Amino acid sequence: MDRKIADHFTRLVEFARIYFEAVEYNVDSTPKRIILRLTASYKSYKILVTELYSDQDFQYRYYVLENQFVKAGFDNASDPRAIRLKYGKIGKEYSGELVSHLHLDDKKELVLTEVMSFDGFIAWLLINL
């Protein structure tokens, strides 16, 4: 595992322990990618965090659940709805493109965002929940 990514994951977990309760995490790696998965509690919410680093991409998912309801979910997946919102259409030229966005109201609403960091996610939580 790349030392820089290992240090980032260590800091992320330490930061999570400051703001959340019941923090659990695991790191899974192969020669081609490394994934951090973290779950925690914040107030009455369940927090789900995933960060994936590979040679080609950095992907993230920062989700807040209220019971099983998605209160808010930041990610940069190659989501067809996000691609359509960003470009007005889904075409081959955009296939697989990672688009930063926010899911709200149990994924019924979608808003384009700037790239979100874990620190930014924490800040969003403190302001909005």
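The values are calculated or read from the model by the stated rules, or taken from the named source; none is laboratory data. Every value quoted in this text rests on a predicted model; they were computed, and no experiment measured them. No Cβ is skipped: glycine too gets one built from the backbone with ideal geometry, and neighbour counts run over all protein chains shown. Ligands, DNA and RNA are excluded from the accessible area calculation, which covers all protein heavy atoms including side chains. Shrake-Rupley method; radii C 1.70, N 1.55, O 1.52, S 1.80 Å.
Scanning the stretch 18-35 for residues that are in a strand (DSSP E or B), open to solvent by less than 50 Å² (accessible area, probe 1.4 Å) and farther than 16 Å from A77 by Cα turns up V23, I34. Scan the stretch 84-101 for residues that are open to solvent by less than 40 Å² (accessible area, probe 1.4 Å) and under 19 Å from D57 (Cα atoms) and the total you get is 3. Looking only at the stretch 108-120, decide whether some residue is part of a helix (DSSP H, G or I), under 12 Å from the mean Cα position of the chain (by Cα) and surrounded by 18 or more Cβ atoms within 10 Å (Cβ to Cβ). Yes, some residue in the stretch 108-120 is part of a helix (DSSP H, G or I), under 12 Å from the mean Cα position of the chain (by Cα) and surrounded by 18 or more Cβ atoms within 10 Å (Cβ to Cβ).
Taking the criterion of being over 18 Å from D119 (Cα atoms) and either open to solvent by 60 Å² or more (accessible area, probe 1.4 Å) or in contact (Cβ under 8 Å) with a residue 40 or more places away in the chain (or both), the residues of the stretch 52-71 that qualify are D55, Q56, D57, E66, N67, Q68, F69, K71. Among the residues making up the stretch 72-91, those that are in a helix (DSSP H, G or I) and touching a residue at least 12 places away in the same chain (Cβ under 8 Å) are R81, A82, I83, L85, K86.
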